Each structure stands twice: as structure tokens, then as C-alpha cells.
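A short write-up of the structure that comes next.
Values in this text are rule-based calculations from the coordinates and carry no lab data. Values in this document were obtained by computation on a predicted structure and should not be read as measured data. Heads up, the Cβs are rebuilt from the backbone with ideal geometry, glycines too, and the neighbour counts pull from every protein chain shown.
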Amino acid sequence: MPSVPSDPSPLPARSVALSLLLGSHPDRMSPARLTRAGERFGVPAATMRVALTRAVAAGDLRRVDGDYVLGERLVARQRRQDEAVEDAGLPWDGTWEQAVVVVTGRSGSERASLRDDLARARLAELREGVWTRPANLRRPPPYASEPVLRCFRATPYDDGPTAARDLAGQLWDLPAWAREGRALLAGLTTTSDPAPRLAVAAALVRHLATDPLLPAALLPADWPGDELRAAYGTYQASLRDL
């Protein structure tokens, strides 16, 4: 989870540019618009132009008809970010998504890449090679075509609400996530200077991307997810107003 600095430092120029585009819909901005926005966050125009050139060279951004747009990797990140901020849930029928690794002999890098993909899909590892989450998300399982997995929709035998909450508590450290979220919310509320506030907002949306998006029945009573989403949505609207 992201750390919450007591005195957040402004983001570097490249991170400012990427944050502005990640929070922008549609996700394209002209060079002039980006440099003007960067100046609002303490980034000189010349510094922003260098950062944009390097971001294109690294594949984080692309040029389309003279504008800057997100590169492929960041488009996927924006999709996960939007899922975390928007209403991504469905009424839950008590079933769970399950992905089981059925192929052995893979390299360490292949195993690590699959673990990252499953975690980004908001699954948690129940035991080695067995990943699961409540089946309450609108999105189709993005991992279903992985040839090393067998994927199921499962109903636990002991499927009462207490058992399901206990399982969710084993899979995710919900109290720690909630504490981190409240600290970020306080930082966004109390930080008024634009550059440090953008840094807090960037940390907040990264934190939201790790929200397991569980059904309400499995969450602690004081879960701050909706409050964080509302706060980031308000901040995102203020960015668009720039």
C-alpha cells in the first residue's frame, strides 16, 4: 500500500503529466494545455516539455494528431483506476470467482507476472496457486483466457454471511486498507497547495486501485471506500476544470 507522507512533496514533472492524463476523459491533451497545467503545479514549461519527450520515448505516452495520449500500459492502468472510482459492483449471489494454476515448471518471472495479473484483477491467494474473490464485479474475468489457469464460479459449502466475512478477512487486510485510506483522505482534505495536493490525490487513486471491491455484506461497518471515491471524484472534476 502507498505510504502517506505527513508533508507530501510535489510530484516530478513526468508524474504530473501522467497524473493529469490518467485523470482526464477523454485521455488526450495538447502540448500547450499540458504545459499550462504543469505550471499550475509548479512545473516550468521547459521542464514539462523535456518530461513529455521522455515519457513518449519510454512508451508511457504517444503522440496522436499533435496531442499526447496514454500509452498502452497506462490505458490499462486507467481502466483499473476507473473501475476503482466508479460503481463496478453487482448484487452478490454468494458465489466466488476462482482461478487455479494447473501448469507447473514455469519460470520465476512467468509466475510473478501471473501473480501480478491476478492481483490487479482483485483476486487474492487462498493458498499457493489458488486465487479467489467474490463474484460481484461487472467486468468479465480478465484472466479467463490464461492457458495455465482453470477458472470456476464456486459456492462454498459453508456459505453463511459469517463464514464469508471470515474468509474475506483472511484474504485481505481490510483494517490496514481502511486506515491507509482515512489517512489519505485527511491529507487530501487538509492540503491546499496545488502541487502537494496532486501528490496526495495520486497516492489516493493508487490506493483505490488496491480496493478489493467486496460486496457490502463482507465489509467492516466503517469501510471508507465510498467516501474515498467521492473525494477523488470531486478532485478529478477540479482537475478537468483546469
| note | Share (percent) of C-alpha pair distances in region 180-242 greater than 16 Å works out to 43
| task | For an R0 of 41 angstrom, estimate the FRET efficiency from the Cβ-Cβ distance between His25 and Thr162 and round to the nearest 0.05. | result | 0.50
| said: Using a Förster radius of 30 Å, what is the FRET efficiency between Glu72 and Ala32 based on their Cβ-Cβ separation? Nearest 0.05, please. | reply: 0.75
| remark: Candidates Ala199, Ala112, Ala51; GNM for the chain (alpha-carbon contacts under 10 Å) flags as most fluctuating Ala112
| field | Simple label model, 7 Å out from Cα along Cβ direction - Val100 to Ala230, nm | value | 4.3
| query | Along the charge dipole of region 96-154, which of Leu114, Thr132, Trp96 sits closest to the positive end, that is, farthest toward it, with unit charges on the beta carbon of Lys, Arg, Asp and Glu (+1, +1, -1, -1)? | reply | Trp96
| query | Given charges of +1 on the Cβ of Lys and Arg and -1 on the Cβ of Asp and Glu, with all other atoms neutral, how large is the dipole of the chain about its Cα centre, in debye to the nearest 20? | reply | 860
| Among Ala17, Ala58, Ala201, residue whose mean-square fluctuation peaks in a GNM of the chain (springs only between Cα atoms under 10 Å) | Ala58
| request: May I have the convex hull volume per residue, in Å³, for the Cα set of the chain? | output: 141
| Given 0.36 nm per residue, what is the gain on full extension from Ala176 to Ser109 after removing their alpha carbon distance, in nm? | 21.3 nm
| request: Report, in whole Å, the centroid distance computed from the Cα atoms of region 115-176 and region 215-242. | output: 23
| Longest segment of the chain with no GluC sites (Glu not before Pro) in a DSSP loop having at most 12 other Cβ atoms within 10 Å? | 129-242
| query | How long are the three semi-axes of the equivalent ellipsoid for region 96-154, computed from the Cα gyration tensor as the root of 5 times each eigenvalue, in whole Å, largest first? | reply | 19, 11, 10
| task | For region 96-154, give the magnitude of the charge dipole about the Cα centre (Cβ charges: +1 Lys/Arg, -1 Asp/Glu; no others), in debye to the nearest 20. | result | 220
| query | Of Val102, Val75, Val205, which is the most mobile in a GNM of the chain whose springs link Cα atoms less than 10 angstrom apart? | reply | Val102
